[in-house]
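Structure first, then comments.
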Amino acid sequence: MSDSVFDDVDVDTMIPVRLLINGRDHELDVEPRDLLVLTLRDRLGLTGTHIGCETTSCGACTVLFDGRSVKSCTVLAVQADGHAITTIEGLAGDDGLHPVQDAFRRCHGLQCGFCTPGMVMAAVSLIDEGRATDEKSVRLALKGNLCRCTGYHNIVRAVLTAADPSLVDDA
Amino acid sequence: MIPAPFAYRRAESAEHAIELLSEFGEDAKLLAGGHSLLPIMKLRLATPAVVIDIGSVPGLSYIRDGGGEIAIGALTRHVQLEMSSLLRLQVPLLRHAASAVGDCQIRHRGTIGGAVSHGDPAADIPAALMALRATMVLQGPQSRRSMPIDDFYLGFLETALAPDEVLVEIRVPRPGPAPWGFQKFRRRSIDWAIVGVAYQGGDNPGIGLVNMGPTTVRAAAAEVAVLSGSAIEEAALLADAEAAPVEDAAASIAYRRHLSRVLLRRALAGEASS
């Protein structure tokens, strides 16, 4: 990589972005290299989105990007300009927990809880996409989210319960 | 894990992206969904001075019925391929290969153009496109040009794209109900393939191999065997005739060669792994 071109461009220029996060507009200036997950956590204080592997593997940083699950460690904040982002903080309404949150609680779909925000956001998306048709389909659709405690059993039950309680054999 | 600093430019159109590429040359990289580029930028394996974001360029995300062929815009995301009823009916191999990429989150962001342009031999989609004998449509400052996928891949992470060209469209034939198979072998479901095989049957059978060389490999000898009516077991033995796999932490060369024959046998039998 030649230094001449590098010198010609201004890597320090901040980029103005407008992010619609959990229904609220945020206008802020970001560095081009700022990751969405760090912008959410460090700039906006939304620390419910966790940082796990930072390599697009574990899914702890999963948020909804225009309603669909993405790993926010592998999205630049500038890429989210003009888009709607939903984090775990934006899920519960005035009338209580989101149905997926409620199902995780009722089914004991967590132990230490570190993976839970990402699991819940991934589950909201996969249910909305119609991927939760049986246990196997849920396991396949959740493969991008790692849990080191539960062995996944109760997580899968929680997702099936939230999607359609009749899908759970042993409920 | 944060990328090295870079300057950011947002392209408003393919033409604008080409202008920016012409301006910055090899110091620039195109960003679409970012699921090939950003991981290597975070590892500092890539440190482009300029990132040209084509992610919001309008008009490059489509799966269009073009008569004899189906035209797919470069910004079409894996999930759109996976969910496409047109592909399900007409190009089921490509739909299935897209469904095997990464995980849901990755498929929500990654694009076919990005996966194809990156040129990673471990990628699934290029092998499916190789089996389908896809045509790549490249746009440069002066004009568009088309080429068969065989001419597009030159070497490890190396394609026929000139520094000022953008891959804008991929065209695939519509094999419809012809037999096909797809095999992706890895230790864990979220891993890249240790070896993968894509097979498209029909009048002109095609076989593409994942991770069996510096770039996506066509199993030409096995294709000839299939066309001439050889038994599945015999054709599968020719899977690695043109391959030049490397050894890495996941597999030895001999194991990769063995896997390619086993997986081709399964693919020729019409099996599809998830």
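Tabulated data for the structure shown
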{"quantity": "Chain B, relative contact order in percent, only Cα pairs under 8 angstrom and at least six apart counted", "calculated": "17"}
{"quantity": "DSSP-loop GluC sites (Glu not before Pro) across region A:62-171, with at most 12 other Cβ within 10 angstrom", "calculated": "none"}
{"quantity": "Region B:134-274 shape via C-alpha gyration tensor axes, a/c threshold 1.5", "calculated": "oblate"}
{"quantity": "Summed residue charge, Cβ within 15 Å of residue A:47's Cβ, Lys/Arg positive, Asp/Glu negative", "calculated": "0"}
{"quantity": "Under-25-angstrom lysine pairs by C-alpha in the protein assembly as shown, whenever the two are 8 or more apart or on separate chains", "calculated": "9"}
{"quantity": "Three-way shape call for region B:58-149 based on the alpha-carbon gyration tensor, with the a/c threshold at 1.5", "calculated": "rounded"}
{"quantity": "Amide H contacts of residue A:76 (H built 1.01 Å from N, under 5 Å, at least 5 apart or other chain)", "calculated": "A:36"}
{"quantity": "Three-way shape label, the protein assembly as shown, alpha-carbon gyration tensor, a/c 1.5", "calculated": "oblate"}
{"quantity": "Cleavage-rule hits, chymotrypsin sites (Phe, Trp or Tyr not before Pro), region B:85-172, DSSP coil, Cβ neighbours within 10 Å at most 12", "calculated": "B:156"}
{"quantity": "Cα centroid of region B:250-271 to Cα centroid of region B:18-74, whole Å", "calculated": "32"}
{"quantity": "Peptide B:4-15, shielding by other chains (average Cβ, 10 Å cutoff)", "calculated": "4"}
{"quantity": "Spin-label zone in region A:33-75 - amide nitrogen under 17 Å from a point set 7 Å from the Cα of residue B:4 along the C-beta vector", "calculated": "A:33-34"}
{"quantity": "Residues B:248, B:203, sorted so that the one with the fewest Cβ neighbours within 10 Å comes first", "calculated": "B:203, B:248"}
{"quantity": "Footprinting exposure proxy for A:69, B:36 (fewest neighbouring C-beta atoms within 10 Å first)", "calculated": "B:36, A:69"}
{"quantity": "Where trypsin sites (Lys or Arg not before Pro) fall in DSSP loop in region B:36-94, at most 12 other Cβ within 10 Å", "calculated": "B:44"}
{"quantity": "Net charge, residue B:3 excluded, C-beta distance under 9 Å - Lys, Arg +1, Asp, Glu -1", "calculated": "+3"}
{"quantity": "Which of B:83, B:1 has the fewest Cβ neighbours within 10 Å, and the rest in rising order", "calculated": "B:1, B:83"}
{"quantity": "Cβ-based net charge around residue B:122, under 11 Å, with every Lys or Arg adding one and every Asp or Glu removing one", "calculated": "-2"}
{"quantity": "Relative contact order of chain A, defined on C-alpha pairs under 8 angstrom at six or more residues apart (%)", "calculated": "21"}
{"quantity": "Between helix B:253-268 and chain B: long-axis angle, C-alpha atoms, 0 to 90°, nearest 10", "calculated": "70"}
{"quantity": "Euclidean distance between Cα centres, region A:93-171 to region B:191-232, Å", "calculated": "38"}
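Laboratory data are not the source of any read-out in this text; all were calculated from the coordinates shown. What you see is a predicted model; the values in this text were computed from it and never measured. Here Cβ is always computed from backbone atoms with ideal geometry, including for glycine, and neighbour counts include all displayed protein chains.
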